[in-house]
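Q: Here it is, the structure, as structure tokens.
Each value in this text was obtained by applying a stated rule to the coordinates, not by laboratory testing. Predicted model, so just to flag it, every value in this text is computed and none were measured. Ideal geometry is used to build each Cβ from the backbone, glycine not excepted, and the neighbour counts take in all protein chains shown.
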Amino acid sequence: MPTIDYYLTCVSPWTYLGHRPIQQVAERHGATLVVKPVNLGEMFKVSGQVALGERPAVRQRYRFIELQRFAEMRGRRLNPKPKFFPVNPTLADHTIIAILQSGGDPLPYMDSVFSAVWADEKNIADEATVAGLLTAAGFDADAILTRANDPETAAIRARNTQDAVDVDATGVPSYVLAGEPFWGQDRIDLLDRALSSGRAPFKPL
């Protein structure tokens, strides 16, 4: 059974847009998704990328076109300028890790968190908001939040971030199959093709 490492952060619209498609691809191929929340700012320090507000105006304008284009293609509601963005994703990222550490499946909950930012105008840095999303997903919110605030949870996200850097996953979402990174939800078709063909992973030359 193939394994796909799934690097993400809850604040990324591209992670939101790719979340359902990557699950569909994994299910079709009998692959396991290994969910790994990361600190995107730390990845940017290595990849040379800059924060959204520091990018040239032309790139910022084109981003809005791409967001609308892919939201329409994926059939997802998306507000390109949500009320609570930018927002600190740390708490939400940590709750995903806490669910994993508790033996739960975070994938449906993750979809609700992404939607909270990009479709429902909710603040995922607010603990009460996150608690409501956890409860709605069937989790014990108090237990998950307690675990999310444990220093070991932060250490796991830091290790995930280093893992992503080590495999040249330069942004989110990144999906890594047999050491080969596929950066961006617009690369899911290429990942699907790699799984279908069973080819050896491509490496840097």
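Q: With an 8 Å Cα cut-off and a minimum separation of 6 or more residues, compute the relative contact order for the chain in percent.
A: Result for the chain is 32 percent.
Q: What does the charge dipole of the range 3-197 about its Cα centre add up to, to the nearest 20 debye, if the Cβ of each Lys and Arg holds +1 and the Cβ of each Asp and Glu holds -1? Numbers along the way, then the final one.
A: On the way: 20 positive and 24 negative charges, 161 e Å.
Dipole magnitude for the range 3-197 comes out near 780 debye.
Q: Just to verify a number: FRET efficiency for GLU66 and ASN88, C-beta to C-beta distance, R0 = 25 Å, to 0.05?
A: So the FRET efficiency works out to roughly 0.55.
Q: Please figure out what share of the DSSP beta bridges in the range 3-197 is antiparallel and state it in percent, rounded to the nearest 5.
A: About 55 percent, rounded to the nearest 5.
Q: Using the Karplus curve 6.51 cos²θ - 1.76 cosθ + 1.60 with θ = phi - 60°, work out ³J(HN,Hα) for each residue of the range 181-198 in order, rounded to whole Hz, and write x for Gly and Pro.
A: x, 10, 8, x, 5, 7, 10, 5, 4, 5, 5, 4, 5, 5, 5, 5, 7, x
Q: With θ set to phi - 60° and the Karplus curve 6.51 cos²θ - 1.76 cosθ + 1.60, what are the ³J(HN,Hα) couplings of the range 131-143 in order, to the nearest whole Hz, using x for Gly and Pro?
A: Values, residue by residue: 4, x, 5, 5, 4, 4, 7, x, 9, 7, 4, 4, 5 Hz.
Q: Sort 158-166, 78-86 for me by packing, meaning the mean count of neighbouring Cβ atoms within 10 Å per residue, highest on top. It would help to have the intermediate numbers written out before the result.
A: Details: 158-166: 17.0, 78-86: 14.4.
In decreasing order of mean packing, 158-166, 78-86 become 158-166, 78-86.
Q: Work out from phi, with θ = phi - 60° and the Karplus expression 6.51 cos²θ - 1.76 cosθ + 1.60, the ³J(HN,Hα) of each residue of the range 36-51, listed in order in whole Hz, and give x for Gly and Pro.
A: Those phi angles translate into 9, x, 10, 9, 5, x, 5, 5, 4, 4, 8, 7, x, 6, 10, 4 Hz.
Q: Further, regarding this structure: How long is the gain from GLN24 to ALA178 if the chain were fully straight, where each residue apart is worth 0.36 nm and the alpha carbon distance is subtracted?
A: Numbers: separation 154, 0.36 × 154 = 55.44 nm, distance 1.88 nm.
Extending this stretch completely gives an extra 53.6 nm.
Q: So what is the 222 nm mean residue ellipticity for the chain from helices alone, if each DSSP H run of at least 4 adds -39500 (n - 2.57) and you divide by all residues, rounding to the nearest 500 deg cm²/dmol?
A: My calculation for the chain gives -17000 deg cm²/dmol from helical runs alone.
Q: Please give the length that would be gained between GLN101 and SER196 if that part of the chain were fully extended, namely 0.36 nm times their separation in residues minus their C-alpha to C-alpha distance (nm, one decimal).
A: So the chain would gain 31.1 nm between GLN101 and SER196.
Q: Non-local amide H neighbours of PHE182 (under 5 Å, H modeled in plane, Pro and chain starts lacking H): which ones?
A: Correct list: TYR175, VAL176, LEU177.
Q: What is the range 84-187's relative contact order, in percent, from Cα pairs under 8 angstrom and six or more apart in sequence?
A: 24 percent
Q: Would you please give the residues with an amide H less than 5 Å from that of VAL34, counting only those at least 5 places away or on a separate chain, with H modeled from the backbone geometry?
A: Amide H to amide H, under 5 Å and 5 or more residues apart or across chains, VAL34 pairs with ILE4, ASP5, TYR6.
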